[in-house]
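Colleague: Structure incoming, see below.
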Number of protein chains: 2
Amino acid sequence: MSAQGLPQNQRIDKASTVAADKIAGQLRSDILGGRLAPGERIMQEVLAEQFGASRMPVREALRILQSDGLVTLISNSGAWVSKLSMAECAEAYEIRERLEPLLIRESIPLLSDHEIDVLTGLVEALEENTDVEMFLRLDRQFHLLSYSAAPTAIVSEIIHRLWNTTQHYRRAFTLLMNSERRQITTYEHRLLIDAIQRRDTDEAERTLLGHIRRTRHELGRHPELFIAS
Amino acid sequence: MSAQGLPQNQRIDKASTVAADKIAGQLRSDILGGRLAPGERIMQEVLAEQFGASRMPVREALRILQSDGLVTLISNSGAWVSKLSMAECAEAYEIRERLEPLLIRESIPLLSDHEIDVLTGLVEALEENTDVEMFLRLDRQFHLLSYSAAPTAIVSEIIHRLWNTTQHYRRAFTLLMNSERRQITTYEHRLLIDAIQRRDTDEAERTLLGHIRRTRHELGRHPELFIAS
DNA sequence: TGATCGCAGAATGTATCCATATCAACGAGG
DNA sequence: CCTCGTTGATATGGATACATTCTGCGATCA
């Protein structure tokens, strides 16, 4: 049982020199950016040619994305962009309801003043913004940054995954939001940033929980986003 | 954006004909069974020879186990059996506290009478058992079976992952349990199976939460399980 | 003496080729 | 006309060989 220690830095997010990582990064960006739709087939050879590499690193990239939950692999059959049923999407939101309050609670006391300034700026940018892609990016940045100081690596990873796998449906949902719904979102964000500025963890938790829950309920009213295609 | 549908069965748990799956299965069993310790190095060539295969399926197997959280891969460096710090282990229990009550609540109404009989049998077997490996197996079977009827695939997967990654520490912890502690566990299991038999979801949730929380607190008193080796 | 550079060995990453499984089209039979 | 079996094309899985990167040890120089 000679247990040799791991290198210190278990997480290396910076682009590595490994082709598979680069391909995975590009693919991830394509999926999150909506350029690849859920259910769409991914073929190894096409990707390989596209990247000027052999199929080998592509296969590894697909495995990587599978562990991110972004791609579904089936033996001897192929790879598809993961898709969620309405039930699964609702489930993702239920999990977020239970875990993100934990994250914000752990994070708030450790956020720097500078980070809170950035968060405030993001909320303001969100109010002025009208573009859907920009909304998705800013909203994601705002929430994930608000959790970023939390020292809880495992929860963070789970939440990142859920944000990734639900990204496509948030986009579709955002497109459907009417002005009333946008107003509500704006207010929720204002309440949340206010609580964060005052470092009122309890209030932040409550507001966040309501924010996610309301979104889940709203999503339940749009089953058309999940029709099998 | 021609989204072609995926095959119906996204999950194929039965042993496939694919070598990588078989290797992954064996490795998983080795890790969960304690024959491979956290932090231990895994070398592709050794495994390949051991299975009479080339390094290629081994690499795929390692990716699979990475998505299970059992293995940590580092580019251009190698693979290690995942290990947890005490903080991460405590975090895993905090997540379980928040998600497993959800699972048991969703599961209980859908459990068949037969499954409840099996659960009852497992509790009895646990009380009579004295062997550590058997305890781990029975305890795991009991809890996971009690959740098995829950239609929540995502939560289930998260919980399975957490049980996997904490397995080694549960083993070490189980070895340290004194008779008083074992008594408490027995009572908790009895309360839980009683609530399940009566299909009392609220009581089951409460009992389960306490069960996990007490274990987490108890674990916090044994930092020696996490010394860097 | 110690610190840095460099080289050798080993392990991982990649490419190419071959084997095999899957699926759809086609044709024969009922 | 429908059903079932066969067959062929296509895409994935696996093996071997080669390239690249990392690590640790030792020599050299300040």
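The values are calculated or read from the model by the stated rules, or taken from the named source; none is laboratory data. Computed from a prediction, not measured in an experiment: that's the story for all the values here. Glycine also receives a Cβ, built like all others from the backbone with ideal geometry; neighbour counts cover every protein chain displayed.
Colleague: Mind checking which residues of region A:43-92 are over 16 Å from A:THR165 (Cα atoms), at the interface with chain B (Cβ under 10 Å from one of its Cβ atoms) and among the β-branched types (Val, Ile, Thr)?
Modeller: A:ILE74
Colleague: Restricting attention to region B:169-180, does a residue exist that is crowded, with 17+ Cβ neighbours inside 10 Å, over 18 Å from B:LEU138 (Cβ atoms) and basic (Lys, Arg)?
Modeller: No, the conditions are met nowhere in region B:169-180.
Colleague: Another one. Which residue pairs have Cβ atoms under 6 Å apart, sit 6 or more places apart or on different chains, and have a first residue in region B:93-107 that is facing chain A (nearest Cβ under 10 Å) and a second that is surrounded by fewer than 20 Cβ atoms within 10 Å (Cβ to Cβ) and of a type in the set (Lys, Arg)?
Modeller: What qualifies is B:GLU97/B:ARG213; B:ARG98/A:ARG98.
Colleague: Mind listing whichever residues of region B:22-44 are crowded, with 17+ Cβ neighbours inside 10 Å and not in a helix (DSSP H, G or I)?
Modeller: The answer is B:LEU36, B:PRO38, B:GLY39, B:GLU40, B:ILE42.
Colleague: Related question: For region B:28-58, how many residues meet the condition of being touching a strand residue (DSSP E or B) at 6+ places or on another chain (Cβ under 7 Å) and either away from DNA strand D (no atom under 14 Å from the Cβ) or touching a residue at least 60 places away in the same chain (Cβ under 8 Å) (or both)?
Modeller: 7
Colleague: Within 15 Å of DNA strand D (Cβ to nearest atom), surrounded by fewer than 21 Cβ atoms within 10 Å (Cβ to Cβ), over 19 Å from the mean Cα position of the chain (by Cα) and away from chain A (no Cβ under 11 Å), is that true of B:ALA19?
Modeller: Numbers: within 15 Å of DNA strand D (Cβ to nearest atom): yes; surrounded by fewer than 21 Cβ atoms within 10 Å (Cβ to Cβ): yes; over 19 Å from the mean Cα position of the chain (by Cα): yes; away from chain A (no Cβ under 11 Å): no.
Taking the combined requirement at face value, the residue does not satisfy it.
Colleague: Which residues, counting only those in region B:94-151, are outside any loop (DSSP other than H, G, I, E, B), among the hydroxyl-bearing types (Ser, Thr, Tyr) and surrounded by fewer than 19 Cβ atoms within 10 Å (Cβ to Cβ)? Outline the logic, then answer.
Modeller: Step one: filter region B:94-151 for residues outside any loop (DSSP other than H, G, I, E, B), giving B:94-110, B:113-128, B:132-147.
Narrowing the set further to residues that are among the hydroxyl-bearing types (Ser, Thr, Tyr) leaves B:107, B:120, B:146-147.
Passing the criteria: only B:THR120.
Colleague: Looking at A:ALA79 and the list (1) touching a residue at least 24 places away in the same chain (Cβ under 8 Å); (2) of a type in the set (A, V, I, L, M, F, W, C); (3) in a helix (DSSP H, G or I), which single condition is not satisfied?
Modeller: Here A:ALA79 meets the rest and fails (3).
Colleague: Let me ask another. With respect to the numbered conditions (1) modelled with pLDDT under 95; (2) within 18 Å of the chain's Cα centre (by Cα); (3) outside any loop (DSSP other than H, G, I, E, B), which one is the sole condition not fulfilled by B:GLU91?
Modeller: Here B:GLU91 clears every test but (1).
Colleague: Among the residues of region A:209-222, is there at least one that is assigned to a helix (DSSP H, G or I), more than 26 Å from A:SER107 (Cα to Cα), outside the structural domain of A:GLY34 (by TED's automatic domain parsing) and not hydrophobic (A, V, I, L, M, F, W, C)?
Modeller: So the first thing to find is which residues in region A:209-222 are assigned to a helix (DSSP H, G or I), and the list is A:209-219.
Subset that is more than 26 Å from A:SER107 (Cα to Cα): A:217-219.
Subset that is outside the structural domain of A:GLY34 (by TED's automatic domain parsing): A:217-219.
This time we only want the ones that are not hydrophobic (A, V, I, L, M, F, W, C), so: A:217-218.
Yes - at least one qualifying residue is present in region A:209-222.
Colleague: Being closer than 30 Å to A:ALA20 by Cα, of a type in the set (Gly, Ala, Ser), away from DNA strand C (no atom under 16 Å from the Cβ) and touching a Leu at 6+ places or on another chain (Cβ under 6 Å), is that true of even one residue in region B:83-101? I'd like the intermediate steps shown before the answer.
Modeller: Here is the first cut: in region B:83-101, the ones closer than 30 Å to A:ALA20 by Cα are B:83-85, B:88, B:92.
Next, only the ones that are of a type in the set (Gly, Ala, Ser) stay: B:85, B:92.
Subset that is away from DNA strand C (no atom under 16 Å from the Cβ): B:85, B:92.
Filter again for touching a Leu at 6+ places or on another chain (Cβ under 6 Å), leaving B:92.
The answer is yes, given that some residue of region B:83-101 is closer than 30 Å to A:ALA20 by Cα, of a type in the set (Gly, Ala, Ser), away from DNA strand C (no atom under 16 Å from the Cβ) and touching a Leu at 6+ places or on another chain (Cβ under 6 Å).
Colleague: While we're on this one: What pairs come up if the first residue lies in region B:15-27 and is modelled with pLDDT of 85 or more, the second is more than 10 Å from DNA strand D (Cβ to nearest atom), and their beta carbons are under 7 Å apart, counting only those six or more places apart or on different chains?
Modeller: Taking only residues 6 or more apart or on different chains, the pairs are B:ALA20/B:ILE64; B:ASP21/B:ALA15; B:LYS22/B:ALA15; B:ILE23/B:LEU47; B:ALA24/B:ILE64; B:ALA24/B:LEU65; B:GLY25/B:ALA15; B:LEU27/B:LEU65.
Colleague: Moving to a separate point now. Among the residues of region B:45-72, which ones are surrounded by fewer than 16 Cβ atoms within 10 Å (Cβ to Cβ) and near DNA strand C (Cβ under 9 Å from one of its atoms)?
Modeller: Just the residues of region B:45-72 that are surrounded by fewer than 16 Cβ atoms within 10 Å (Cβ to Cβ), to begin with: B:45-46, B:49-50, B:52, B:54-56.
Those that are surrounded by fewer than 16 Cβ atoms within 10 Å (Cβ to Cβ) and near DNA strand C (Cβ under 9 Å from one of its atoms): B:GLU45, B:VAL46, B:SER54, B:ARG55, B:MET56.
Colleague: So, one more: Assuming A:LEU102 fulfils every condition listed in (1) over 30 Å from A:ARG221 (Cα atoms); (2) in the same structural domain as A:ASP200 (by TED's automatic domain parsing) apart from one, which condition is it?
Modeller: (1)
Colleague: Any idea which of (1) within 25 Å of B:THR215 (Cα to Cα); (2) within 10 Å of chain A (Cβ to nearest Cβ) is the one B:GLU40 doesn't satisfy?
Modeller: Of (1) within 25 Å of B:THR215 (Cα to Cα); (2) within 10 Å of chain A (Cβ to nearest Cβ), only one is false for B:GLU40: (1).
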